[in-house]
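I have placed the structure first, in the form of structure tokens, so that the comments after it can refer back to it.
The values are calculated or read from the model by the stated rules, or taken from the named source; none is laboratory data. Note that the structure is a prediction, hence the values are computed from the model and not measured. Here the Cβ is made from the backbone with ideal geometry for all residues, glycine too, and neighbour counts use every protein chain on show. Side chains are part of the model used for accessible areas, which takes the heavy atoms of the whole protein and leaves out ligands, DNA and RNA. Shrake-Rupley method; radii C 1.70, N 1.55, O 1.52, S 1.80 Å.
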Amino acid sequence: MTTPHEPRTTHRLWLFGDNVNTDDVLPGKYAPFMVGEDVFQNYAFAHLRPEFAREYRPGDLIVAGRNLGLGSSREYAPEALKKLGVRAIVAKSYARIFYRNLVNLGIVPFVSEEVVSAARDGDEVSYDIRTGTLELRGRTYRLEPLPAFLLAALEEGSLLEYFKKHGDFPGVE
Amino acid sequence: MTLAQAILSHKVGRPVRPGELVVVEVDHAMTIDSIVPTVIDRLEELGAQPRYPERVSLVFDHVAPAANVNVAEAQRRGRDWARRTGVNFYEVGRGVCHQVLIEEGVARPGALIVGSDSHSTSYGGVGAFGTGMGATDIALAIASGKTWLRVPESVKVTLRGRPRPGVSAKDAALEIVGRLGADGATYMAIEIHLEGGAEEAFGRSERVTLANLAMEAGAKAGIVAPSGEILDLYEVPGWLRADQDAVYARELEIDLTALAPRLAAPFYVDNVHALSDYAGAEVDFVFVGTCTNGRIEDLRAAAEVLRGRRMAPGTRMLVVPASSQVLQQAMAEGVLQSLIEAGATIGTPGCGPCMGRHMGVAASGERVVSTANRNFKGRMGSPEAEVFLASPRTAALAAVLGRIPDEEEVAP
């Protein structure tokens, strides 16, 4: 699997609560086709955490509670995060369209109650997407692997990349 | 088998079970003005053309007419693409995508429709499996004619009896979302059965409202079991039925005869309350429209309240018909006349200010009563605006009273 950032370096953890919706991730009025393809990512979490887009550094880890990404199907919400350098997210659970969009864009959607419960905003965290390990507050967590279908897609970078290469979806059997 | 299983089994050609991943042919893929630029980017990246152009629709509704130059350029790109590829194209003013696909007969019982808009669950109102996806998923569906889905478990909701006068499908839909919660049906389908008079009380329009708001409980699809008016309007395939022994993740029954008007208070759709919890709160802006409640039945309900009355001083009202057909019918019936005489104004058929981009966004400190489907912080403009979701009747009353009405005032 691709690891665009150096594994095992330390990143900042950004903690979000339950039910963070896609209007929170990127308000509708800052859609790329409203403000421009080059700048829309600067409005990520514009209402919820106005400092986020400015202070986020590639590889920093977003950790969120239940039902992350509910609401609008807007793929440009996770795309804004990807443009800022997000490669993985850990949440208690995801809204289904947001989850699909993450896989399609190549952001790894890890699920872990434990990590989210232990996390504090601003924590230092290190993680390795390839091995699914995460170190936080002196503890090492093993993140649950994704279903084979999605893993096959993410191993090519994203579902889009998989389709480009193979001309079809990964096998489902 | 549940209705969701029945539809996906029919598409796959063998019985499927909840939890399994399937790759299925879709009957139709839909996209919209705000998403089509990304869909075109993805198709270009794949070097792909629409596999079945006749099974693809592009609808201009989300910021239509264009509000600025960026949007105008994006829409021009969409128009050019539609002309070049031969996909079905619906111009500015034709209406909200979901309403258009229903009026055009694309949405029909048993169809599998994917759309780049989360409220694609709406097609379930006519007994279709409709589901929302992102731009890449839709691009892949357009390129291949297929998509991947996890066969969902289902929550069974039974609505029983005839609602009291003044109580509508919107109130029932909010009650469902309030009871299930915003993630109560995530990854699942909500299967709605109308019984004991509800099947006659709720026609196609009301069923679409129910299926539309299933999304707000996180559902992949909201499917209303075909009955009543649906049997008159469509040929319903024999295989499209839920078995007596179908297994559900959860079952919920709502007695419509005892249901009172509901509203969703800021900033979550599952923050559902009785009107009395907020009655008397001053209202600045009333919006009637959207894929949830912009059909002729909804405009009639608003006009019935407004006929011979005036907006309260300091309160303004915008009505946006869900489609050009709705607009024409409202004109023919004198509904527009009643709305305009009362002081409301009419917008171009489409999504209107639902997602806070144009045509009447809300300022900080303003309170809005809307018939739409979302009230998230900042949804309709300023993050300091408050949006309450309610039925067209409740919304129209708020406009003439200048405040959120009480339960007794909503009863005719």
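Residues of segment A:20-46 with accessible area at least 50 Å² lower in the all-protein-chain context than alone (1.4 Å probe)? In segment A:20-46, residues shielded by partner chains: A:Asp23, A:Lys29, A:Phe33, A:Met34. Its Cα centre serving as origin, chain A has a Cβ charge dipole (Lys and Arg +1, Asp and Glu -1) of approximately 140 debye. Once the 1.4 Å probe is applied to the protein heavy atoms, segment B:1-56 comes out at 38 Å² accessible per residue. What number, in nm² with one decimal, is the all-direction average of the projected area of the convex hull of the alpha-carbon atoms of the protein assembly as shown? One quarter of the hull surface, i.e. the mean projection, equals 24.3 nm².
How large, in percent, is the carbon and sulfur part of the accessible surface of segment B:263-406 at a probe radius of 1.4 Å? All intermediate terms of the calculation are to be shown ahead of the outcome.
Details: 2180 of 4600 Å².
Accessible surface attributable to carbon and sulfur in segment B:263-406 totals 47 percent.
Sparse packing (at most 16 other Cβ atoms within 10 Å of the Cβ) combined with a DSSP loop state is found for the following trypsin sites (Lys or Arg not before Pro) in segment A:8-91: A:Arg8. Accessible-area loss of 20 Å² or more (1.4 Å probe, protein heavy atoms, chain alone versus all protein chains) is found in segment B:124-144 for B:Gly132, B:Met133, B:Gly134, B:Thr136, B:Asp137, B:Leu140, B:Ser144.
For segment B:335-412, the solvent-accessible area with a 1.4 angstrom probe is 28 square angstrom per residue. Taking a straight Cα-Cα cut-off under 15 Å and skipping sequence neighbours fewer than 8 places away in the same chain, the aspartates and glutamates within cross-link reach of A:Lys164 are A:Glu155, A:Glu156, B:Asp41, B:Glu44, B:Glu45, B:Asp137.
Dimensions of chain B from C-alpha coordinates, computed as largest minus smallest value along each principal axis and given longest first, are 57, 54, 39 Å.
Pairwise Cα separations in segment A:11-144 fall into 5 Å bins from 0 onward with the following percentages, short to long: 2, 11, 22, 26, 21, 11, 5, 2, 0.
With a 1.4 Å probe and every protein chain kept in, tell me what percent of the accessible surface of segment B:3-257 is carbon plus sulfur. All intermediate terms of the calculation are to be shown ahead of the outcome.
Numbers: 3580 of 8110 Å².
Solvent-exposed carbon and sulfur of segment B:3-257 make up 44 percent of the total.
With every protein chain present, what is the per residue accessible area of chain A (1.4 Å probe, Å²)? Don't skip to the answer; put the middle values down first.
Values: 6700 Å² over 173 residues.
Value for chain A: 39 Å² per residue.
What is the packing order of peptides B:383-392, A:55-64, B:3-12, taking the mean over residues of other C-beta atoms within 10 Å and listing the highest first?
B:383-392, B:3-12, A:55-64
Structural descriptor for chain B: relative contact order 18 percent, calculated from alpha carbon pairs under 8 angstrom and at least 6 residues apart.
The Rg/Rh ratio for segment B:263-406, using Cα coordinates for both the radius of gyration and the Kirkwood hydrodynamic radius, is 0.94. Burial here means at least 50 square angstrom less accessible surface with every protein chain in place than with the chain by itself, probed at 1.4 Å; in segment B:19-46 the buried residues are B:Leu21, B:Val23, B:Arg42, B:Glu45, B:Leu46. Summed over both chains, the area buried between A and B is near 4100 Å², taken from the accessible surface of protein heavy atoms with a 1.4 Å probe.
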